[in-house]
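Structure first, commentary second.
The values are calculated or read from the model by the stated rules, or taken from the named source; none is laboratory data. Given the structure is predicted, the values throughout are model-derived calculations rather than measurements. Because the Cβ atoms are built from the backbone with ideal geometry, glycine has one as well, and the counts that use them run over all protein chains shown. Accessible surface is based on the protein model in full, side chains and every heavy atom, while ligands, DNA and RNA are left aside. Shrake-Rupley method; radii C 1.70, N 1.55, O 1.52, S 1.80 Å.
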Amino acid sequence: ASQSAGAKRGPAHWGDEGGVSSRAAVTCSSSATSGVVEVGFPRRLRCRVNGETRERGSSVRSRLRATLRASWRSDSKITKVIWLVFCSGVISDIARTMSWIKEGELSLWERFCANIIKAGPVPKHIAFIMDGNRRYAKKCQVERQEGHSQGFNKLAETLRWCLNLGILEVTVYAFSIENFKRSQSEVDGLLDLARQKFSCLMEEQAVSQCRLCPSSSPIREKLKKHGVCIRVLGDLHLLPLDLQEKIAQAVQATKSYNKCFLNVCFAYTSRHEITNAVREMAWGVEQGLLEPSDVSETLLDKCLYSNHSPHPDILIRTSGEVRLSDFLLWQQKARDMYAEERKRHQLERDQVAVTEQLLQEGLQASGDAQLRRTRLHRLSAKREERVQSFLKALELKRADWLALLGTAPA
């Protein structure tokens, strides 16, 4: 790259955000500062000058992208070959360090512990309350935002452990509605971190489909191998529109994967989830899809954000606290102990309804037993038909909204 008189020149390393490793280097210059420019692709740019790390912002990234586009449009075949080799190295690096699932082999100690766990029954669904990031940041004397970022990195490592153990579903409590009550700077930092991670996921998807990459690119192979379907549970309407769109795009991009599932609870509380489920059932009654008598605990369970997931087998809070913090209150396993009791209550309500029908028709309520059984069966079948029709309409409504949001122009 050309440089002005007196400007120093140094290697720019493409590597992790913190500059831990370097995989490729190009020459660059800057009239403002000089030093090693460490690029976390596709993360933010950082510049290390005189031992101090500084954010370089999007301007440097834009200039590098413009250079790539200009070089690719040039007539020099040698330049194109150099860029192809360079991009292949970057893409291979991304494949080894996926932002949502940490790549690489387990350590000897991790393999030892995993083999012990696999010797017994392994849960199929684990829920995590991601807590303690701020206390970690205070203990390490770093910014709160750095604590949240390190918490996400630990999540990526945890997901790798879960995949290795054969745990098919993980639910994480990433952002509570109550978190909006924190300081504006911290809320903005958390939302920016979410934007970064969901954007990174989409950039990984885009890189895997880039025309510069072969059809069997490492990223595509990794995504297919893991088959992780990402779902975001919560009231997305409470989030900024641009973040809603990024989340919708990520959900749409991974919806066809079904090997394992990652549920990210964002803008979520359990009370809000239950309230929303009641609101959805009221919408069904208003639309004529349901009868008021169809509303039940079982139907409410199917209207929750987590209706596609089994209830978690284990709930873990990472900080040592024992509070549930309004997380998956309805889905706790203790409720399953009362499943038979709920069925009995539904049967009793159906018997009362059949008795009222017979009395209205001038028949004895304790008359023909076969007639009562026929009426009970018919009542149950009609209710099930209405419920299934309502659930299909509800699923279609949610899917259409998400698809429309995911295809919104940037």
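Per-structure values
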| read-out | value |
| --- | --- |
| Burial order of peptide ranges 245-255, 338-348, 388-398 (average beta-carbon count within 10 Å, highest first) | 245-255, 388-398, 338-348 |
| Largest-first principal axis extents of the Cα set of the stretch 282-410 (Å) | 63, 43, 19 |
| Inter-probe distance in nm under a simple model that places probes 7 Å from Cα toward Cβ, at L347 and Q141 | 6.8 nm |
| Filter on K139/K181; K181/K246; K246/K392; K139/K246 - keep pairs with C-alpha separation over 31 Å | K139/K246 |
| Out-of-range pairs (alpha-carbon distance over 26 Å; input K118/K302; K197/K255; K259/K382; K343/K382; K118/K197; K197/K259) | K118/K302; K259/K382; K118/K197 |
| Against the rule of thumb 2.2 N^0.38 Å, how large the Cα Rg of the stretch 263-345 comes out | 1.23 |
| The stretch 305-363 - Rg and Dmax from Cα coordinates, angstrom | 19.5, 65 |
| Rounded to whole Hz, the Karplus (6.51, -1.76, 1.60) HN-Hα couplings of the stretch 110-117, x for glycine and proline | 5, 5, 4, 5, 4, 5, 5, 5 |
| Virtual spin-label span in nm between K392 and K255, 7 Å along Cα→Cβ | 1.7 nm |
| Stretchable slack from D188 to T355, in nm (0.36 nm times residue separation minus alpha-carbon distance) | 54.2 nm |
| Equivalent ellipsoid dimensions for the stretch 239-305 as semi-axes, Å, which come from the Cα gyration tensor, largest first | 27, 15, 13 |
| Computed lengthening from R111 to L165, 0.36 nm per intervening residue step minus Cα-Cα distance | 18.5 nm |
| Cα-projected label distance for K181 with T374, points at 7 Å along beta-carbon direction, nm | 5.9 nm |
| The stretch 252-410 - percent of accessible surface contributed by carbon and sulfur, probe 1.4 Å | 56 percent |
| Difference of contour (0.36 nm per residue) and Cα-Cα distance, L238 to T407 | 58.9 nm |
